[in-house]
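The values are calculated or read from the model by the stated rules, or taken from the named source; none is laboratory data. Every value quoted in this text rests on a predicted model; they were computed, and no experiment measured them. Using ideal geometry, Cβ is built from the backbone for each residue, glycine included, and neighbour counts are taken over all protein chains shown.
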Amino acid sequence: MSSYKAKAFILRAYHLGEFDRILKMYSQNFGVLSGVAKGARRTKSRFGARVSLFNLVDLEMSRGRTLDIITQAEIMESFKNIPADFHKFVFCDLIAKIVLKTQTASSDPCQGLFKLIYVCFRAIDASVGQNGGDLKKIMCFFMARFLAVTGYSPLLDTCSKCNAELSRSYSGKSIPFSVSLGGILCPKCGPYAQKDTLLPVKGLQFIESLFCETIEHIRNQTADSYVLDQAFQFLEKCIIYHTDCRLSNHQYLKKIDL
Ligand SMILES: [Zn+2]
């Protein structure tokens with residue numbers, strides 16, 4: 001096969017030589033893809049703005065010796081509000097980082113992940129409001145569903161050590177959670193097992209809903225900044241543990257006051 005078609009999100013762009021651009025993408029049928037858009041940095045490039053970051057594009061690619069060449073690109077959907085808004089850009093960039101740090105060209109394509117990127121980019125593009133709370137909810141939704149589509153949903157209703165069903169009435173303020181065992185711990189196992197983290201009881205409902213509700217429902221839920229922060233850190237720890245990749249998104253958001 002010397003040429004092929006692909007539908008993909010552009011997640012990263014690097015300069016190559018004087019006029020070319022290497023694009024890293026996540027595609028529907030091939031997973032992670034890289035390709036060269038020749039002449040994309042010329043002022044009168046035939047690609048124009050079509051190969052801009054976060055666009056969903058329909059591509060024609062031809063196999064190259066080292067890198068595949070993008071011969072044609074048509075926009076399927078462009079999320080116009082993202083490049084113009086720093087916070088929106090940051091959150092899409094975090095999504096791109098998680099995808100490209102955890103998936104490689106040899107990973108199997110994941111239709112669920114492709115759809116998830118679409119749903120989240122669309123929500124980020126449409127988000128209004130200045131405080132970043134809505135964007136953080138979308139980001140938590142992305143991370144939870146990322147764990148779900150990659151097969152690493154945490155156990156939140158039974159003890160991850162002894163399998164005991166857990167009642168909804170927790171007496172303390174927080175619940176012990178073991179990232180390595182993949183779930184919460186019952187009061188019996190909690191004190192003995194190695195605890196990697198503690199989940200606030202008041203945030204548990206929000207975290208649970210991230211795995212089963214729609215993105216619209218999540219965005220309409222009330223979640224204070226403490227709960228959002230705890231959920232974000234918890235989900236990031238799970239992704240780091242399961243994918244063995246280095247992420248410091250939470251620290252980065254702190255640095256830029258989000
Ligand atoms: Zn137990």
Exercise for the section: Give just the number: which of (1) buried (at least 21 other Cβ atoms within 10 Å of the Cβ); (2) away from the ligand (no atom under 15 Å from the Cβ); (3) outside any helix (DSSP H, G or I) does residue 177 not satisfy? Expected result: (2)
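Residue by residue, here is whether (1) farther than 14 Å from residue 6 by Cβ; (2) outside the structural domain of residue 142 (by TED's automatic domain parsing); (3) small (Gly, Ala, Ser) holds:
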site	(1), (2), (3)
38	yes, yes, no
43	yes, yes, no
48	yes, yes, yes
54	yes, yes, no
71	no, yes, no
92	yes, no, no
Exercise for the section: Go through region 193-202 and give me each residue that's crowded, with 17+ Cβ neighbours inside 10 Å and either part of a strand (DSSP E or B) or in contact (Cβ under 8 Å) with a residue 24 or more places away in the chain (or both). Expected result: 193, 199, 200
Practice task
Would you be able to say whether some residue in region 33-52 is surrounded by fewer than 19 Cβ atoms within 10 Å (Cβ to Cβ), out of contact with any Gly (no Cβ under 9 Å at 6 or more places or on another chain) and in contact (Cβ under 8 Å) with a residue 60 or more places away in the chain?
Solution key: yes
Completion exercise
Note on residue 190: of the conditions (1) without any contact (Cβ under 8 Å) to a residue 60 or more places away in the chain; (2) on the phi > 0 side of the Ramachandran plot; (3) buried (at least 17 other Cβ atoms within 10 Å of the Cβ), unmet is (2)
Exercise for the section: Please state which of the following conditions residue 244 fails to meet, knowing it meets all the rest: (1) away from the ligand (no atom under 16 Å from the Cβ); (2) among the charged types (D, E, K, R); (3) over 28 Å from residue 112 (Cβ atoms). Expected result: (3)
Practice task
State yes or no: is residue 166 surrounded by 15 or more Cβ atoms within 10 Å (Cβ to Cβ), within 16 Å of the ligand (Cβ to nearest atom) and not assigned by TED's automatic domain parsing to the domain that holds residue 68?
Solution key: yes
Practice task
Return yes when residue 205 is under 20 Å from residue 137 (Cα atoms), more than 16 Å from the ligand (Cβ to nearest atom), touching a residue at least 12 places away in the same chain (Cβ under 8 Å) and surrounded by fewer than 16 Cβ atoms within 10 Å (Cβ to Cβ) and no when it is not.
Solution key: no
Handout entry: Test: residue in region 141-160 that is within 21 Å of the chain's Cα centre (by Cα), within 21 Å of residue 257 (Cβ to Cβ) and modelled with pLDDT of 85 or more
Key = yes
